[in-house]
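I have placed the structure first, in the form of structure tokens, so that the comments after it can refer back to it.
The values are calculated or read from the model by the stated rules, or taken from the named source; none is laboratory data. What you see is a predicted model, and the numbers here were worked out from it, not measured in a lab. Here the Cβ positions follow ideal geometry from the backbone for every residue, glycine too, while neighbour counts run over all protein chains shown.
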Amino acid sequence: MTLPNSDNNEAVSGQYPKAPITEAVIDFRFADSIPQESYARTRDKLLDNYPLSSDWVEGIASFDMVKRSGSFQEAVRGFRLSSVDQVNVAIIADKRFSVSRLAPYSGWEDFRTRARETWGVAKATVGYRKIERIGVRYINRIDIPMGENATGVEISKYLAFRLDVPQPPFPAIQLQTSQAIFDFDGRMVIINTGTVPAPLVKHVSVALDIDIGLERDVPQADDALWAYVDSTRDLKNVLFEASITDAARALFQ
Amino acid sequence: MAPQPLPDEHHFVRHVRGALVQRVNGKVVGCFPDAFKLRDASETRAAETYISACWLEWHQHDCDLGIQSVVQELSNGRELKARDAFAVVQVKKMKEIGLSRGQRIRVLHEPTEKSPSYTAVRAMNRDDQELLQLIAAEAISETVDLESFVKTTLKHP
Amino acid sequence: MTSSSLQFYRREKVSGLDPAQSLFATLALPRAGVSDTASALSDSFLEILRRTDTTGRIQPRSASIEVTTRKTSLVETLYEIRANAKLMTSRVAMHLDKEWRLSLFRNLDEILDPEAWHDDDPLLAIPSFETFLRFSLFIKPNRQLSLGVSNQGNLLLGWIVGKDRLSIEMLPQDVLRWVLVRYVGDERESAAGQVPLLRLMAVLGPFDPEHWFADHGAAATSR
């Protein structure tokens with residue numbers, strides 16, 4: 001199955017002034033753990049772009065019910081870095097490298113450039129590690145205003161990805177969560193939707209989470225790797241636009 | 001010596017911590033009503049029954065010189081921070097506002113060894129938010145920003 | 001699409017007959033993500049697994065355990081509060097005017113500056129800050145305001161227009177404590193109260209709240 005060509009798709013996601021993106025993530029998983037001794041060096045090299053850091057600590061508590069004793073072990077498995085304003089986050093821990101951008105989303109070019117630079121520094125310090133999985137995930141939160149005296153909203157007016165519920169006998173949905181998994185030419189695409197707590201007064205919020213992962217024939221060389229990331233972002237845009245309605249688009253203006 | 005009421009035409013100076021100073025674009029424009037609120041009990045102190053201040057004219061009748069002396073006196077007993085301010089409050093207005101709210105507020109000189117101009121403002125109803133807002137709105141003749149005061153007035157005695 | 005290609009992604013075979021298997025064993029729990037929305041989605045899926053679990057393998061969500069790693073200094077505590085407030089703001093950043101958001105951050109840095117902090121100053125309560133964000137997006141005041149911290153650690157908002165003053169204390173759970181003084185001609189009016197956020201404009205109605213909140217020449221709070 002060939003991928004939809006985003007250049008031909010009239011509904012490709014452009015820049016929305018109020019883009020509903022709460023988090024964009026580029027995530028690599030490695031076959032082997034990052035060596036413990038390289039954590040501090042890698043963090044130090046990234047401090048210019050990510051001045052705030054906290055250790056990613058794994059604590060293991062063990063209990064022996066026979067002897068009635070317990071023990072606790074703690075190991076630094078990596079670190080979490082962020083920019084001063086907390087919207088750019090990098091996690092390098094154990095078998096994982098990920099770069100996140102929280103709202104306000106600054107655009108693909110800015111996010112991708114930062115992610116690639118961060119990857120470059122990490123890779124130069126840690127050395128080559130076989131990548132087992134590449135993930136690109138965009139989590140959107142669509143904040144839907146309720147009408148003046150309304151008690152809810154018709155989510156299907158905003159989300160093309162929806163539950164079709166026979167009414168009657170069912171009344172209006174109170175809360176919903178759904179997951180659908182697709183195969184797009186070897187890429188596993190997970191679409192999660194669900195009502196989430198609304199941060200705005202008199203609104204209902206729905207998450208539209210597009211998570212695209214590749215675990216087969218994963219490119220290892222940097223150029224091929226980032227070309228793949230670019231193409232995945234294009235796919236994400238097509239899927240995003242297909243999942244929303246014009247009513248939702250109006251909310252993002 | 002029994003506490004003496006301050007003359008109506010005089011002023012007391014209330015130290016306002018930075019978080020209760022109202023600023024717009026960095027410029028001090030007044031105080032929040034909470035600056036005059038009686039504090040509830042905490043882990044380290046009992047509930048306040050009066051608010052603390054200093055008698056301005058005990059030091060000097062000139063406002064700048066008086067505040068200078070108040071700053072000196074207060075800094076002996078506590079640390080002052082750059083974003084703090086001093087509210088100069090008219091005694092007469094304070095009492096009038098209290099009466100309009102059914103309260104006979106007393107502004108009393110109660111000197112201590114460390115603080116010779118120490119003043120206690122008593123008989124304020126602790127739950128009266130409107131009283132506090134009225135004090136902030138009408139009884140304060142001037143709010144002095146400590147940082148600016150130190151830079152301008154103290155540099156040019 | 002054939003199911004065989006998706007099988008590649010499932011390293012453990014999922015049996016439809018195994019009584020020890022959870023009903024929604026094929027649910028893919030999201031792995032990457034640091035935002036609140038990511039957490040909310042993960043929580044929803046874990047809840048699905050828990051409610052449909054007949055094997056007893058999925059533990060009920062336990063009460064949160066506070067893990068103290070070391071005593072934090074005042075500087076670290078204030079930093080943590082500033083960071084949490086900014087993270088909370090980022091959740092709704094798409095609805096906020098950029099300049100307003102940056103101005104808010106500058107204000108937070110000033111009022112939570114360790115250099116300006118007294119030892120007995122109350123710490124800003126984050127639930128109060130959450131009420132403030134929801135207030136800002138609901139009421140959308142665009143007149144310059146002052147920020148402070150009350151004796152209870154709640155965020156204080158203040159507006160002064162001429163002689164008129166309005167102060168609002170942001171309590172947790174969208175509750176507001178307000179007090180105002182308004183001069184109409186020679187008459188002085190004062191009032192105070194405590195209301196849920198949704199009722200604020202109705203309650204302040206007789207005092208013309210736009211008098212404080214609206215500055216027609218100023219930039220917006222929200223986009």
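Assorted remarks:
- Residue within segment C:118-134 that is more than 10 Å from chain B (Cβ to nearest Cβ), touching a residue at least 24 places away in the same chain (Cβ under 8 Å) and in a loop (DSSP other than H, G, I, E, B) present: yes
- Taking (1) surrounded by fewer than 19 Cβ atoms within 10 Å (Cβ to Cβ); (2) within 30 Å of C:ALA85 (Cβ to Cβ); (3) not β-branched (Val, Ile, Thr) in turn, A:GLN73 satisfies each apart from (2).
- Residue match in segment B:55-74 (condition: modelled with pLDDT of 95 or more and among the small types (Gly, Ala, Ser)): no
- Within segment C:90-102, residues that are within 7 Å of another protein chain (Cβ to nearest Cβ) and outside any helix (DSSP H, G or I) sit with their Cβ atoms under 9 Å from residues that are surrounded by fewer than 20 Cβ atoms within 10 Å (Cβ to Cβ) and at pLDDT below 90, at 6+ positions apart or across chains, in these pairs: C:VAL92/C:SER222.
- Selection over segment B:138-157 of residues that are in a helix (DSSP H, G or I), touching a residue at least 60 places away in the same chain (Cβ under 8 Å) and within 13 Å of chain C (Cβ to nearest Cβ) gives a count of 2.
Conditions (1) of a type in the set (Gly, Ala, Ser); (2) facing another protein chain (nearest Cβ under 10 Å); (3) buried (at least 19 other Cβ atoms within 10 Å of the Cβ); (4) free of Cβ contacts under 8 Å to residues at least 60 places away in the same chain, marked per residue:
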| position | (1), (2), (3), (4) |
| --- | --- |
| A:GLY78 | yes, no, yes, yes |
| A:ALA103 | yes, yes, yes, no |
| A:GLY107 | yes, no, no, no |
| A:GLU117 | no, no, no, no |
| A:VAL136 | no, yes, yes, no |
| A:ILE139 | no, yes, yes, no |
| A:THR151 | no, no, no, yes |
| A:ILE155 | no, no, yes, yes |
| A:LEU159 | no, no, yes, no |
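- Comparison of A:LEU208, A:LEU163, A:LEU200 shows that the only residue that is within 25 Å of the chain's Cα centre (by Cα), assigned to a loop (DSSP other than H, G, I, E, B) and either under 25 Å from A:TRP108 (Cβ atoms) or within 7 Å of chain C (Cβ to nearest Cβ) (or both) is A:LEU200.
- Checked against the criterion of being touching a Lys or Arg at 6+ places or on another chain (Cβ under 7 Å) and more than 10 Å from every other protein chain (Cβ to nearest Cβ), segment C:137-147 has no qualifying residue.
- Residues located in segment A:226-249, provided they are surrounded by fewer than 18 Cβ atoms within 10 Å (Cβ to Cβ), over 19 Å from A:GLY107 (Cα atoms) and among the hydrophobic types (A, V, I, L, M, F, W, C): A:ALA242, A:ALA247
- Among the residues of segment A:177-195, those identified as under 21 Å from C:ILE48 (Cα atoms) and either within 9 Å of another protein chain (Cβ to nearest Cβ) or touching a residue at least 24 places away in the same chain (Cβ under 8 Å) (or both) are A:THR177, A:GLN179, A:ILE181, A:PHE182, A:VAL189, A:ILE190, A:ILE191, A:ASN192, A:THR193, A:GLY194, A:THR195.
- Checked against (1) within 24 Å of B:VAL28 (Cα to Cα); (2) without any contact (Cβ under 8 Å) to a residue 40 or more places away in the chain; (3) surrounded by fewer than 20 Cβ atoms within 10 Å (Cβ to Cβ); (4) charged (D, E, K, R), C:ASP208 passes all but condition (1).
- Residue in segment B:61-75 that is surrounded by fewer than 22 Cβ atoms within 10 Å (Cβ to Cβ) and assigned to a loop (DSSP other than H, G, I, E, B) present: yes
- Flag if C:GLY153 is within 10 Å of another protein chain (Cβ to nearest Cβ), closer than 30 Å to B:THR44 by Cα and in contact with a Ser or Thr (Cβ under 6 Å, 6 or more places away or on another chain): no
- Residue check for A:ALA172: surrounded by fewer than 18 Cβ atoms within 10 Å (Cβ to Cβ), part of a strand (DSSP E or B) and on the phi < 0 side of the Ramachandran plot: no
- Subset tally (residues that are among the polar types (S, T, N, Q), within 23 Å of B:PRO3 (Cβ to Cβ) and either surrounded by 21 or more Cβ atoms within 10 Å (Cβ to Cβ) or out of contact with any strand residue (DSSP E or B) (no Cβ under 9 Å at 6 or more places or on another chain) (or both)) for segment B:104-157: 3
- Within the set B:ALA2, B:ALA19, B:ALA41, the sole residue that is loosely packed, with under 15 Cβ neighbours inside 10 Å and within 14 Å of another protein chain (Cβ to nearest Cβ) turns out to be B:ALA41.
- Scanning segment C:26-51 for residues that are among the aliphatic types (A, V, I, L, M) and farther than 18 Å from A:SER82 by Cα, we see that the one that is surrounded by the most Cβ atoms within 10 Å (Cβ to Cβ) is C:LEU41.
- Of the residues making up segment C:175-190, not a single one is within 13 Å of chain B (Cβ to nearest Cβ), among the acidic types (Asp, Glu) and in a loop (DSSP other than H, G, I, E, B).
- In segment A:213-234, the residues that are in a helix (DSSP H, G or I) and of a type outside the set (Asp, Glu): A:ALA224, A:LEU225, A:TRP226, A:ALA227, A:TYR228, A:VAL229, A:SER231, A:THR232, A:ARG233
- Some residue of segment B:116-136 being more than 20 Å from C:ARG188 (Cα to Cα) and in a helix (DSSP H, G or I): no
- Residue among C:ASP174, C:ASP164, C:ASP186 that is more than 28 Å from the chain's Cα centre (by Cα) and under 29 Å from B:GLU48 (Cα atoms): C:ASP164
- Pick from segment A:80-101, criterion among the basic types (Lys, Arg) and touching a residue at least 60 places away in the same chain (Cβ under 8 Å), ranking: nearest to the other protein chains (Cβ to nearest Cβ): A:ARG96
- Checklist (1) over 16 Å from the mean Cα position of the chain (by Cα); (2) closer than 21 Å to A:ARG141 by Cβ; (3) in a helix (DSSP H, G or I) applied to A:ASP85, failing item: (3)
- Total residues in segment C:75-119 satisfying the condition of being basic (Lys, Arg), surrounded by fewer than 15 Cβ atoms within 10 Å (Cβ to Cβ) and under 22 Å from C:GLY153 (Cβ atoms): the figure is 1.
- When C:LEU74, C:LEU78, C:LEU104 are checked against the criterion of being closer than 27 Å to C:ASN142 by Cα, at pLDDT 85 or above and of a type outside the set (Gly, Ala, Ser), a single residue qualifies: C:LEU104.
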